[in-house]
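Here's the structure, in structure tokens; my notes come after.
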Amino acid sequence: MQPFKLDRELVFFDLETTGINVLRDRIVQIAMVKFSPGKETPEEFYSLIHPGLPIPAEVTRIHGIDDEAVADAPSFADLAGEMHTFIGCSDLAGYNSIRFDVPLLAEEFFRCGIDIELESRRLVDVQRIFYKMEPRSLKAAYQFYCGKTLDEAHDALADTRATVEVLLGQMERYRDTDYVDDDGHVTNHPVRNDLQALSEFTNDLNTLDVTQRLRLNERSEVVFNFGKYVNQSFEEVWQKEPTYFSWILDRDFSYQVKKIVRKFVEEKKQNKPRI
């Protein structure tokens, strides 16, 4: 029986990588589990990936994947088309995925000329549900929600399968539980079998990119969330230092940030009013 109420496909995924920098590090292992409306059995995709650079020894000690293990593996570019087809228009879910796996995956695709258009997808981060409701690690979450021991932690497919089970356990445990934030605001039953509700609960809806460099202020203006112009709007900064936008486009920012900045700059140059 299909465990999720879906209006489109939902892909759980996990990555093992060469490090923790979402812009510079590369994927060495990927696993995806896709749930589709009307289908009882999920589809799975798994592969080791040659990252095109050495895997640091300290990282190998964590996930057990070394240069020899990926020596004959395909590159991300070799698999990009197949993986993009597998993902399709699905929503994306994972564990610590919004801050790490999603932006790193998006950058890998972008290097291959593919924009996976994150703004059109709902993102569900199982870790954020867990940290908000019961702060722990994935291994502890698996034990806490599923009553099982995760013996293959840091293997992408084992972690992905465990994440699926954890979310199902969370929905069962918290189906009648409200969430009260630090300011006393109450969200009624946010952890339920509703992808929109789960996405809203695990995302900051005012943040415009997964690296959290841009956000909306209380007036729905795009503002910077970093650097010397933090909390200042695009319009304000454009009046002060329009070259700041060129600087961003030339520096080491995510493709999503550059996409938003480039659209703004093009509109300003064309003297088009912003919507």
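Each label point is 7 Å from the Cα along the Cα-to-Cβ direction; what then is the distance between the points at Ser220 and Arg61, in nm?
Placing both labels 7 Å beyond Cα along the Cβ direction yields 5.1 nm.
Just for the Cα atoms in the stretch 109-203, what are the lengths along the principal axes, largest first, rounded to whole Å?
Here the spans come out as 44, 34, 22 Å, largest first.
For His189, what is the net charge nearby, where nearby means another residue's Cβ is under 13 Å from its Cβ and Lys, Arg count +1, Asp, Glu -1?
Computed value for this residue: -2.
In Å, the Kirkwood hydrodynamic radius of the chain over pairs of distinct alpha carbons?
With all distinct Cα pairs of the chain included, I get 20.2 Å.
Glu200 label point, 7 Å along Cα→Cβ, cut-off 15 Å on backbone N: hits in the stretch 100-143?
122-124
If the limit is 27 Å between Cα atoms, which of Lys34/Lys148; Lys132/Lys259; Lys39/Lys259; Lys139/Lys258; Lys240/Lys269 go over it?
Those over the limit are Lys132/Lys259; Lys39/Lys259; Lys139/Lys258.
What FRET efficiency do you get for Trp247 and Asp72 if R0 is 45 Å and r is their Cβ-Cβ distance, rounded to the nearest 0.05?
Once rounded, the FRET efficiency stands at 0.65.
Whose amide H sits under 5 Å from the amide H of Thr207, counting only residues 5 or more places off or on another chain, with H placed in the peptide plane?
Excluding prolines and chain starts, which carry no amide H, the hits are Leu216.
Mind checking which of Asp67, Asp181, Asp252 has the largest fluctuation in a GNM of the chain, springs on alpha carbons under 10 Å?
Asp181
Multiply the residue gap between Arg173 and Ser120 by 0.36 nm, knock off their C-alpha separation, and tell me the result in nm, one decimal place.
16.2 nm
Give the long-range amide H neighbours of Val124: residues separated by 5 or more places, or on another chain, with amide H under 5 Å away, using H modelled in the peptide plane at 1.01 Å from N.
Leu92, Ala93, Gly94
Over the Cα atoms, compute the radius of gyration (one decimal) and Dmax (the largest Cα-Cα distance, rounded to a whole number) for the stretch 214-269, in Å.
Values for the stretch 214-269 (Cα only, Rg and Dmax): 10.4, 29 Å.
To the nearest 20 debye, what is the magnitude of the charge dipole of the chain about its Cα centre, counting +1 on the Cβ of each Lys and Arg and -1 on the Cβ of each Asp and Glu?
940
Roughly speaking, what is the centre-to-centre gap between the stretch 222-275 and the stretch 68-137 when only Cα atoms are used, to the nearest Å?
Between the Cα centres of the stretch 222-275 and the stretch 68-137 lies a distance of 26 Å.
Bear in mind that the values in this text are calculations on the coordinates, not laboratory data. This one's a predicted model, so the numbers in the text were calculated from it and none came from an experiment. Cβ atoms come from the backbone with ideal geometry, glycine included; neighbour counts cover every protein chain shown.
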